[in-house]
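Dumping the structure here so I can ask a few things about it.
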Amino acid sequence: MDKNSVQRNQDGSKRVFSIFIPKRNSEITQDILYTIDINCSIKTFRDVAIGVKEFNEFNNKDSECKEPNIDRLILGVIEQVYSYKN
């Protein structure tokens with residue numbers, strides 16, 4: 001999570017840039033750049049856009065808010081955004 005990218009949306013959720021870095025890099029695997037909205041009060045998230053070369057390469061217009069369930073990666077991002085004051 002890029003703490004400098006945290007922005008507050010009009011609805012009170014927070015938008016943040018995040019990078020997924022795979023454990024092993026190859027031609028098939030590469031870093032994935034995510035722009036996500038996080039509703040800290042109910043701990044849900046929504047994928048806004050995704051990219052591999054730059055943020056927001058591909059917008060995800062139909063994305064709905066989801067619960068992270070047991071996804072430790074997204075739970076960690078939500079926790080970091082929730083604890084970050086901006």
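List the residue pairs whose Cβ atoms are under 7 Å apart, where the first residue sits in segment 71-84 and is closer than 13 Å to Asp37 by Cα and touching a residue at least 12 places away in the same chain (Cβ under 8 Å), the second is surrounded by 13 or more Cβ atoms within 10 Å (Cβ to Cβ) and β-branched (Val, Ile, Thr), and the two are 6 or more positions apart or on different chains.
Pairs that qualify, where the first residue is closer than 13 Å to Asp37 by Cα and touching a residue at least 12 places away in the same chain (Cβ under 8 Å) and the partner is surrounded by 13 or more Cβ atoms within 10 Å (Cβ to Cβ) and β-branched (Val, Ile, Thr), are Ile78/Ile38; Val81/Val6; Val81/Val16; Val81/Ile38.
Is it the case, given these coordinates, that Asn25 is at pLDDT below 85, touching a Ser or Thr at 6+ places or on another chain (Cβ under 7 Å) and over 15 Å from Ile74 (Cβ atoms)? Before the answer, list the steps.
Values: at pLDDT below 85: yes; touching a Ser or Thr at 6+ places or on another chain (Cβ under 7 Å): no; over 15 Å from Ile74 (Cβ atoms): yes.
Here the answer is no, as Asn25 does not meet what is asked.
Is at least one residue of segment 54-72 in contact with a helix residue (DSSP H, G or I) (Cβ under 7 Å, 6 or more places away or on another chain) and of a type in the set (A, V, I, L, M, F, W, C)?
no
The values are calculated or read from the model by the stated rules, or taken from the named source; none is laboratory data. None of the values given here were measured: they were computed from a predicted structure. Positions of Cβ are generated from backbone atoms using ideal geometry, with glycine treated the same way; all protein chains shown enter the neighbour counts.
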